[in-house]
Amino acid sequence: MDSPAFTQNPHKPSERIKLNNLIRERKMIELDHVCKSYGLSNVLKDLNLIANEREFISIRGKSGVGKSTLLRIIGLLESPDKGSVKLFGKSVSELNDEQKSSLRLHSMGFIFQFFNLIPSLTVLENIELPLALAGIKKIERKKRAIELLDHFDLANLANRFPPTLSGGEKQRTAIIRALTNNPRIILADEPTSSLDDENSTLLMELLSYIKKERDTTIILTTTDLYEKLPTTRDYLLKNGHLQKAPANPTDEKTITQNNH
């Protein structure tokens, strides 16, 4: 039996009401004692996380510690071996693949480390893509994509192709694409790793603006352990657990000692 909390067709008025009621929950993401292993490698161990509406949370850690795995579990691309995942106050454990896909498409936006833009499509067409997948008619999706480009002062990029863009332009295009279906959650996997300092700063300012303007919850991962970000909370993922992120190497040493 399908869970009444999630809808397979949010374009029907009655089902849109269900989805709208669902996403009014203040707790947007809840992970409770989540575990994930690959073979003999225990990547996540009894991990707990709550993210509320309009929070901007960073998950910091070295490469390979499980940051991307954590985002994939939140984004319903992987399931935990143990523990529970709730989105918008409802458990996702009984969702089928179609329901998970619908929830991702209509309530989540993804920003990837290497942009994931399709090189043979223009910027406008790349931004339209999630709308096309959602079944929006061509005239309407083109209108929405143009409005987003105008809103973020990037209309001049509409007819250009990704290979002709700078790194910063590619990442801003990727962010706009993530916004097309007005998601309540944005998951950003090391979005600054391919950018210089100036573009990294611009990107963080843009994400902070989006959080405030759209009441969006943002979870961002980074390998920079000490960078000051416009976040509401910062965590360090280490040895499969989340802990308060250190502000500097001295703090990290103190936290490590206290955890032993």
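The values are calculated or read from the model by the stated rules, or taken from the named source; none is laboratory data. Nothing here was measured: the structure is a model prediction, and the numbers come from that model. Cβ sites come from the backbone with ideal geometry, for glycine too, and all protein chains shown count toward neighbours.
Checking the conditions here, which among Glu128, Glu98 is in a helix (DSSP H, G or I), acidic (Asp, Glu) and surrounded by fewer than 13 Cβ atoms within 10 Å (Cβ to Cβ)? Show your work before the answer.
Values: Glu128 fails: surrounded by fewer than 13 Cβ atoms within 10 Å (Cβ to Cβ).
On inspection, the qualifying residue turns out to be Glu98.
Residue under question is Ile29, and the condition is that it be at pLDDT below 95 and within 22 Å of Ile185 (Cα to Cα); does it hold? Answer is no for this residue.
For every residue, the table says whether it meets (1) in contact with a strand residue (DSSP E or B) (Cβ under 8 Å, 6 or more places away or on another chain); (2) under 25 Å from Thr231 (Cα atoms); (3) of a type in the set (Lys, Arg).
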| position | (1), (2), (3) |
| --- | --- |
| Gly61 | yes, yes, no |
| Gly64 | no, yes, no |
| Leu70 | yes, yes, no |
| Ile74 | yes, yes, no |
| Pro80 | yes, no, no |
| Val85 | yes, yes, no |
| Gly89 | yes, yes, no |
| Ser93 | yes, no, no |
| Asn96 | no, no, no |
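Take the conditions (1) closer than 25 Å to Asp197 by Cα; (2) in a helix (DSSP H, G or I); (3) in contact (Cβ under 8 Å) with a residue 40 or more places away in the chain; Leu149 misses just one of them, which is (3). I need the full set of residues from segment 204-250 which are out of contact with any strand residue (DSSP E or B) (no Cβ under 8 Å at 6 or more places or on another chain) and within 24 Å of Ser37 (Cα to Cα), in order please. Result: Lys238, single match. Among the residues making up segment 181-231, those that are in contact with a helix residue (DSSP H, G or I) (Cβ under 8 Å, 6 or more places away or on another chain), of a type in the set (A, V, I, L, M) and farther than 22 Å from Ser102 by Cβ are Leu195, Leu202, Leu203, Leu206, Leu207, Ile210, Leu220, Leu225, Leu229. Residues of segment 152-193 that are assigned to a loop (DSSP other than H, G, I, E, B) and over 25 Å from Gly66 (Cα atoms): Phe152, Asp153, Leu154, Ala158, Asn159, Arg160, Phe161, Leu165, Ser166, Thr180, Asn181, Asn182.
Only residues that are over 14 Å from Ser107 (Cα atoms) and either assigned to a loop (DSSP other than H, G, I, E, B) or of a type in the set (S, T, N, Q) (or both): list them for segment 78-91, please.
First, the residues of segment 78-91 that are over 14 Å from Ser107 (Cα atoms): 78-85, 91.
Those that are over 14 Å from Ser107 (Cα atoms) and either assigned to a loop (DSSP other than H, G, I, E, B) or of a type in the set (S, T, N, Q) (or both): Glu78, Ser79, Pro80, Asp81, Ser84, Ser91.
The rows are residues; the columns are (1) surrounded by fewer than 20 Cβ atoms within 10 Å (Cβ to Cβ); (2) in contact with an Asp or Glu (Cβ under 8 Å, 6 or more places away or on another chain).
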residue: His151; (1), (2): yes, no
residue: Asn156; (1), (2): yes, no
residue: Pro162; (1), (2): no, no
residue: Leu165; (1), (2): yes, no
residue: Ala174; (1), (2): no, no
residue: Ala178; (1), (2): no, no
residue: Arg184; (1), (2): no, yes
residue: Asp189; (1), (2): no, no
residue: Asp196; (1), (2): yes, no
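With the structure loaded, tell me whether Leu103 is among the aliphatic types (A, V, I, L, M), closer than 25 Å to Gly75 by Cα, at pLDDT 90 or above and not in a loop (DSSP other than H, G, I, E, B) or whether it fails that test. Yes.
For Lys211, the criteria (1) surrounded by fewer than 16 Cβ atoms within 10 Å (Cβ to Cβ); (2) within 13 Å of Gly109 (Cβ to Cβ); (3) charged (D, E, K, R) hold in every case but one, which is (1).
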